[in-house]
Amino acid sequence: MQFLTANIVLYIRIAFLLWLAFMLIKNPLALTNANFSILLGQAMRLPTIQVTTTNPLFGLIAVFLSSYALSDLVPLLSENIPYFENLVPVRLMFNFVLGAFCISSNYGLVANNLVFTFAFLEIWLNFLIYNNLKTEKYTRVKTYLAEHGEELRKTADAQVVPL
């Protein structure tokens, strides 16, 4: 049995996004001046954002992050695994494109240390989710074939018509 299942990593991601939204409302300077974000931005030669705590965009971004987290919570509680099997690769592609844009562009509104750090953490979490989803899918298929393999062989043999 795995220590980190896809459900656990999804709950971690939801908690991370809600915490991020909370911190954007309560203390945005703690996020913008976080050592990890500054270090990652300097390593990628990205501009560091200087912000004020009274910026109203933090509230808007917090609302979007909260809705982003809650949009995962509903399918997770209803155990809609195919939803995540389809969505996670799309998220990975989007975050890879976003990270590549941050590195290769000079457009400071998007290509900065905070956006790149967010894309980096999303890539990491979605890779964990993707790998766990694939492992769990393999286990489900293996269990199903062990239980119903003989029935499937008989059905397939009955459908084969010799010429």
Restricting segment 129-163 to residues that are among the aliphatic types (A, V, I, L, M) and surrounded by 18 or more Cβ atoms within 10 Å (Cβ to Cβ), the one farthest from Ile38 (Cα to Cα) turns out to be Leu133
Go through the residues of segment 115-129 one by one and say whether even a single one is among the small types (Gly, Ala, Ser), over 27 Å from Pro82 (Cβ atoms) and under 22 Å from the mean Cα position of the chain (by Cα).
no
**Message:** Based on this model, can you work out whether Asn131 counts as assigned to a helix (DSSP H, G or I) and under 27 Å from Ala43 (Cβ atoms)?
**Reply:** yes
Contact list, first residue from segment 28-50 and without any contact (Cβ under 8 Å) to a residue 24 or more places away in the chain, second anywhere and surrounded by 13 or more Cβ atoms within 10 Å (Cβ to Cβ), beta-carbon distance below 7 Å, six or more apart or interchain, is Ala30/Met23
Exactly one of Asn106, Asn86 is of a type outside the set (A, V, I, L, M, F, W, C), over 19 Å from Phe127 (Cβ atoms) and either at pLDDT 95 or above or not in a helix (DSSP H, G or I) (or both), and that one is Asn106
Within segment 44-53, is there a residue that is at pLDDT 95 or above and among the basic types (Lys, Arg)?
-> no
*asked:* I'd like to know if segment 52-73 contains one or more residues that are over 19 Å from the mean Cα position of the chain (by Cα), hydrophobic (A, V, I, L, M, F, W, C) and farther than 20 Å from Leu18 by Cα.
replied: no
Taking Leu10 as the residue in question, decide whether it is free of Cβ contacts under 8 Å to residues at least 60 places away in the same chain, under 19 Å from the mean Cα position of the chain (by Cα) and buried (at least 17 other Cβ atoms within 10 Å of the Cβ). no
Within segment 51-64, residues being touching a residue at least 40 places away in the same chain (Cβ under 8 Å) and over 17 Å from Ala119 (Cα atoms) number 1
Residue pairs qualifying under the 6 Å Cβ cut-off, at least six apart or on distinct chains, with the first in segment 139-159 being closer than 22 Å to Ile81 by Cα and free of Cβ contacts under 8 Å to residues at least 60 places away in the same chain and the second being of a type in the set (Phe, Trp, Tyr) and in a helix (DSSP H, G or I), are none
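The values are calculated or read from the model by the stated rules, or taken from the named source; none is laboratory data. All values reported here derive from a predicted model rather than from experimental measurement. In this analysis, Cβ positions are derived from the backbone assuming ideal geometry, glycine residues included, and neighbour counts consider all displayed protein chains.
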